[in-house]
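First up is the structure itself, then whatever we jot down about it.
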Amino acid sequence: MIPPEFEYVAPESLDDAIRALSDGGADAKLLAGGHSLLPLMKVRLAAPSLLVDLRRVPGLSGIEPHNGGFRIGAMTHHADVQFTPALGLASRAASLIADQQVRNRGTIGGSLAHADPAADMPAVLLALEGEVTVRGPSGDRSIAAADLFRDFLTTSIEPDEVLTEVLMPSSEGWGVGYQKFVRRAEDWATVGVCALVRANEGVCEDVRVGLTHMAGVPLRATAVEAALRGQPLDSQHIAQAAENAAEGTDPPGDVNATPEYKRRLARVLCRRALEEAAGTG
Amino acid sequence: MSVRVQMTVNGESHASEVEPRLLLVHYLRDVLGLTGTHVGCDTTNCGACTVHLDGDAVKSCTVLAVQADGCEVTTIEGLAHDGELHPLQDAFWADHALQCGFCTPGIIMAAAAYLERNPDPSDDEIRHALEGNLCRCTGYQNIVKAVRTAAAASRKEVAA
Amino acid sequence: MTTVERPAEERGWVGQALRRKEDPPLITGMGRFVEDVVLPRTLWMAVIRSPEAHARIVSIDASAARERPGVAAVFTGEDLADLGAPLPMIWAPPGVEMRTPEHWPLARGAVKHVGDPVAVVIGEDRYAVVDAAEDVIVEYEPLPAVVDPEAALEEGSPLVWEEFGTNVTHEWGLGSEDIEQALAEAEVVVERRIVNHRTAGVAIEPRGALADWREGELTLWSSTQIPHVTKFVLSGMLGIPEDRLRVIAPDVGGGFGSKLNVYAEEAIVAWCARRLNRPVKWIESRTENLSATTHGRDQIDYVRMGGTRDGRITALHTKIVLDCGGYQQLLTPFMGVFSACVMSGCYAIPKVRTDVIGVFTNKVATDAVRGAGRPEATHLIEVTVDQFAREIGMDPLELRRKNFIPKENFPAEVATGLVYDSGDYHGTLDKCLEHVGLEQFRGEQEELRKKGVYRGVGFSTYMEMCGLAPSRIVGPKGVGLQAGFWESATVRVHPSGSVTVLTGTSPHGQGHETSFSQIAADLLGVSYDDVEVIHGDTNAGPHGMDTYGSRALAVGGEAVARAATKVADKAKRIAAHLLEAAPGDIEIRDGRYQVRGSPEAGMPLSDICAAAYVPEDIPVDIEPGLEETSFFDPENFVWPFGAHACVVEVDVETGEVDVVRWVAVDDCGPAINPTLIEGQVHGGVVHAIGQALYEQIVYDSDGQLTTGTLVDYALPTAAEVPDIETDRTETPSPVNQLGVKGVGEAGTIAATPAIVNAVIDALSPLGVTFINMPLTPMRVLEAIDEARGRGTGPRATEQAREVGEHGEGAAGSGPAQPDEGGAP
């Protein structure tokens, strides 16, 4: 369908973009790839008064090594993340986002700032304990992934701030697993589980598990992590730990998946992701 | 308000004043008269509107015309060169990969971009490459076959 | 039966897997769909639709919308009060009380479902009319809504149409009157409640219409399967004589039954174009498509199958609760008739009866979706045959074979009174099994089960009734459709020898231009490339009856063959005159009309038509010109059939079902173009996989549509479906001279029960004996839990109800038999 009318600017610097955003008031919105916002506008569930298009702002795209991890510009497309194998878990997760065309337009910054609980990248950033940099009228600040996602479609980014980069720690040294349950390949995750396991002589030295679509925000499965840390990485211990995957979750139900079904899926997918990460699957 | 956009579509430069909310697909269809690009849904699912934007397959129903300012756009009308069908077009014809033909331009454009990245895909890879395009007529089987045929033909051309 | 005289060369055009004539414009972006048709001064239309499932319209305030720049008009139901008739429903079964509410294009006083059209905004710009539509303030007084068709039948249910005092649309039955006695005498009766859930057709091109009024003549371009029917209906609604009303179906981006209707928006754009004296265009959004275009299926089928312990099926009764929705569209209540007509399946069952009760609910009207009633019947028969086999401990394939109508019994009259034209049901099953390799599969299945991998195989042996026609059976004095169902064709040889075929069918992807060219080329002795097929324009060619019900080839193609034969006969007479031979001695060989036994004496058709159009030297009793028309109304339907098998793998932890293999053996008579047949089978099977596993229209209990976009209404993508392995047998039909049957719906008719049977086979070690579609992961997991006697808290899907109320044991069945499986 047709988006409602809006004003539009495409500033050529970040400062101009921030100014435009501030001046635009409460209903001004940033436009990156537009693959979260435009679909909402087309069905008229969003009606921003002003779109501040970031496409002309230099320096917001690209992937480069940074502090042993990676700095990914906010305007970097999912496809670029997908085709950077060194990104490990993030690359793998990006390859499963929607479809080729969406990955070519959708951006990592846009996805994180939109904070859809069914999107792939938020839980990945959370599990990797990454952070984002945002710039506002008073300069740059960092937000750890754990502090970023506040509520359904809500982050701790202020209305006049722009997410400029994503600091994605390397998953090197970790075994990784990613399990995404979808009805169809192009769909949002019914439930997703990403797992990182660091093993030392068959024992789980450290583990992190991120959950997608098990609440209004992405979650860490802390009960699973606690149960597995320090334990042997065998099928039995993994299975026992994974039984805790739904603890503390509050999954939204829909016509195809009740909350109870999603909890069950989380346990199964968690076990599979952990086995994949531990190399025992 | 209206915004000036300039873009190169199928090799021809176009400049227009457009409403910022004008979708790229409507710019192509209604302003430039390139009606080969179709709209089959409201929710970025069906892929009938797929075109190339600076070489990448995108869903033109989810791109504003203003976002394509300064870009190169290729539509289904721009795929054949000098009267020669693109290998995918010929393969779709040869392998009966279309019935009603409405989804076809989008599927060909999605496949063309994919083959640029992966010139020798497996059937499974082809099926996943096309997961952003819906077809109700063909059951996809002959589409997959045609993409395979076109990939082989293109590789042969490159080798020759 | 007359035989076709074909050119004598080994290969005629018929039977060849030729490239399609339709494709060059479609692969280059040069197709012309309705949205692509641009007329000067065109106005756009946006439709304001009800957000309420059931409500009285208190007031409509369009003043703000009318004030907006670029808005030409806003119209409501009251403005359209001068329409001569409401939208039609064309079934009037003799002796049956049919409740058909007046269905006006824009609601008058009340709305009956979410998406019901209430008003339209007409304006200069496609974006501006959408904005203006938001300014039209409609005040609704909500009324109680009813969504569940069985709840709608209960005493005290809210009434969709108060004036009828009931939600029952009609009650109708077909078949053996003494069915209860037959069931009472049966040694075994298996009883199931089988739900065939609501789905949508989802042609990838949504609907659309463009109307142009010029000096008393109206032209309507519409994305429709039925331009001729639409012309006739709109003539009555708008009071425009048919000779001044032209309907054009340009390239149509799929139909699947969803464009087999005369829709409100077509009438409205036509009315508005005349009123405003400017072209008016409306293009449906997908959201509108899912809330306002007819849905399909939506039957609850109570099945009782009776028989002997040694596997003779003796009686089948089905009570169909048919959810019609809020209105009666063109064929809404008729879907139950289609089901009833094929209720005997492939089997010689002595007593078969179907009783249909139609029900109004506050949902979009149901109507045809690819297969239209026949998939529902096939589904319930083929699932219940497997259930019956399980009950008596017999291999389900053996049970099928034992009850198949043997091929020597055709034409075969079945208990419904209908006569199947031809068939070889054992033949298609045998061929299917050759491909499947059942014994090997059973071995693999056993090994995989040990590893916790659950695979199953399922079969469906189907027949169907298609080639809609014949008027004497389905017309007013027969079943009661208020129309004739013949088809027409004109074959015109131009003075230079090229050929135009004008058909009354109206394709939307099937490839009529290709297959009809092949037929005409052979019969006329010309090249396939010299034939052009014109369709979908009511001003071109004779009146027609359009495309649906797998009728195009068996009825329309036959009309082409008959018209071409007439032309060829005339050409032979002229050739005989020119060659000084007897007409009976002229044969068509190698593209020439020549004297039998004297190949040197002959001429191509182009020479004959030169004589026909410059008639200096033709017999005096032959008229000039070379053009003939044929109207064909067959004596019977055609009855294609086949055997499908699929292998599924079920993830018993998530409930996900993956179709890993599909074998389809179909028999639709001799192939005109085998590639087109394969394409139809591929598409039909995948459509059915969609219904069985992914697609479902869901309304919540308040009547709100929860699957209103393609995000929620899950059409399968290429990544979800397997390759379909196809094969065919060819059993000619005696009903037409080509011997052909239809194949457009075969896949959707055949496929869903194979999937259900395969999933049950896969899960039988876990004790699962029955499950209803759609086999969503959650439902499959519930079925596993039920079988293991482990509830998962509140039951979320229909499945719980099936097993609890009507599942195993409901008819005195014993414990589930171990799965015998395997071919003998």
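So here's what we get for this one:
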read-out	value
Filter pass, A:A90 being among the small types (G, A, S), closer than 17 Å to A:G73 by Cβ, out of contact with any strand residue (DSSP E or B) (no Cβ under 8 Å at 6 or more places or on another chain) and surrounded by 23 or more Cβ atoms within 10 Å (Cβ to Cβ)	no
Where C:L87 falls short, out of the listed (1) touching a His at 6+ places or on another chain (Cβ under 6 Å); (2) modelled with pLDDT under 95; (3) not small (G, A, S)	(2)
Sole residue being over 23 Å from A:H78 (Cβ atoms), of a type outside the set (S, T, Y) and touching a strand residue (DSSP E or B) at 6+ places or on another chain (Cβ under 7 Å), chosen from A:P232, A:P251	A:P232
Residue identified as touching a helix residue (DSSP H, G or I) at 6+ places or on another chain (Cβ under 9 Å), modelled with pLDDT of 95 or more, at the interface with chain C (Cβ under 9 Å from one of its Cβ atoms) and surrounded by fewer than 22 Cβ atoms within 10 Å (Cβ to Cβ) among B:L98, B:L85	B:L85
Total residues in the stretch B:39-59, condition more than 9 Å from the chain's Cα centre (by Cα) and surrounded by 24 or more Cβ atoms within 10 Å (Cβ to Cβ)	7
Among (1) over 25 Å from C:F338 (Cβ atoms); (2) surrounded by fewer than 19 Cβ atoms within 10 Å (Cβ to Cβ), the one test that C:L397 misses	(2)
Tally of residues being part of a loop (DSSP other than H, G, I, E, B), more than 7 Å from chain B (Cβ to nearest Cβ) and of a type outside the set (A, V, I, L, M, F, W, C) across the stretch A:5-45	8
Test set (1) closer than 15 Å to C:V493 by Cα; (2) of a type outside the set (D, E); (3) part of a helix (DSSP H, G or I) - C:L578 fails condition number	(1)
Qualifying residue in the stretch A:238-254 (condition: free of Cβ contacts under 8 Å to residues at least 12 places away in the same chain and either crowded, with 16+ Cβ neighbours inside 10 Å or over 18 Å from A:L89 (Cβ atoms) (or both))	yes
Test result for A:A278, within 13 Å of chain C (Cβ to nearest Cβ) and in contact with a strand residue (DSSP E or B) (Cβ under 7 Å, 6 or more places away or on another chain)	no
In the stretch C:687-727, residue nearest to the other protein chains (Cβ to nearest Cβ) [restricted to those that are in a loop (DSSP other than H, G, I, E, B) and of a type in the set (D, E, K, R)]	C:D723
Identity of the residue in the stretch C:25-34, more than 7 Å from every other protein chain (Cβ to nearest Cβ) and part of a helix (DSSP H, G or I), that ends up nearest to the chain's Cα centre (by Cα)	C:V34
Boolean, B:L53 is at the interface with chain C (Cβ under 9 Å from one of its Cβ atoms) and aliphatic (A, V, I, L, M)	no
Residues of the stretch B:60-77 that turn out to be outside any loop (DSSP other than H, G, I, E, B), at the interface with chain C (Cβ under 9 Å from one of its Cβ atoms) and buried (at least 22 other Cβ atoms within 10 Å of the Cβ), as a count	1
Residues being hydroxyl-bearing (S, T, Y) and either closer than 30 Å to C:H682 by Cβ or without any contact (Cβ under 8 Å) to a residue 40 or more places away in the chain (or both) - total across the stretch C:322-373	5
Matching residues, the stretch A:52-61, being crowded, with 21+ Cβ neighbours inside 10 Å and over 18 Å from A:L38 (Cβ atoms)	A:V57, A:L60
Scan of the stretch B:137-149 for residues that are more than 14 Å from chain A (Cβ to nearest Cβ) and of a type outside the set (A, V, I, L, M), ordered by number	B:C137, B:T138, B:G139, B:Q141, B:N142, B:K145, B:R148, B:T149
Unique residue being within 14 Å of A:M121 (Cα to Cα) and modelled with pLDDT of 95 or more when the list is A:G230, A:G216, A:G192	A:G192
All positions within the stretch B:101-135 that are within 14 Å of chain A (Cβ to nearest Cβ), in a loop (DSSP other than H, G, I, E, B) and not hydrophobic (A, V, I, L, M, F, W, C)	B:N118, B:P121, B:E131, B:G132, B:N133
Some residue of the stretch C:675-695 being more than 20 Å from B:C135 (Cβ to Cβ) and either crowded, with 20+ Cβ neighbours inside 10 Å or not aromatic (F, W, Y) (or both)	no
Residue within the stretch C:247-260 that is within 14 Å of another protein chain (Cβ to nearest Cβ), assigned to a strand (DSSP E or B), modelled with pLDDT of 95 or more and within 21 Å of the chain's Cα centre (by Cα) present	yes
Index of the failed condition, A:T76 passing every other in (1) touching a residue at least 12 places away in the same chain (Cβ under 8 Å); (2) surrounded by fewer than 22 Cβ atoms within 10 Å (Cβ to Cβ)	(2)
Strands (runs of 3 or more DSSP E) fully within the stretch C:588-637 counting 3 or more residues that are at pLDDT below 95	C:598-603
Residue count for the stretch C:39-58, restricted to those that are hydrophobic (A, V, I, L, M, F, W, C), under 19 Å from C:A72 (Cα atoms) and in contact with a Lys or Arg (Cβ under 9 Å, 6 or more places away or on another chain)	5
Identity of the residue in the stretch C:287-310, among the basic types (K, R) and surrounded by fewer than 24 Cβ atoms within 10 Å (Cβ to Cβ), that ends up farthest from C:P86 (Cα to Cα)	C:R309
Flag if C:L290 is of a type outside the set (V, I, T), within 14 Å of chain B (Cβ to nearest Cβ) and touching a strand residue (DSSP E or B) at 6+ places or on another chain (Cβ under 8 Å)	yes
Candidate set from the stretch A:225-237 (those that are touching a residue at least 24 places away in the same chain (Cβ under 8 Å) and aliphatic (A, V, I, L, M)); member that is surrounded by the most Cβ atoms within 10 Å (Cβ to Cβ)	A:L228
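To keep it simple, each residue is scored yes or no on (1) β-branched (V, I, T); (2) farther than 21 Å from B:T35 by Cα; (3) free of Cβ contacts under 8 Å to residues at least 40 places away in the same chain.
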residue	(1), (2), (3)
C:E205	no, no, no
C:G208	no, no, no
C:E215	no, yes, yes
C:H228	no, yes, no
C:I240	yes, yes, yes
C:Y263	no, yes, no
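The values are calculated or read from the model by the stated rules, or taken from the named source; none is laboratory data. Nothing here was measured: the structure is a model prediction, and the numbers come from that model. Heads up, the Cβs are rebuilt from the backbone with ideal geometry, glycines too, and the neighbour counts pull from every protein chain shown.
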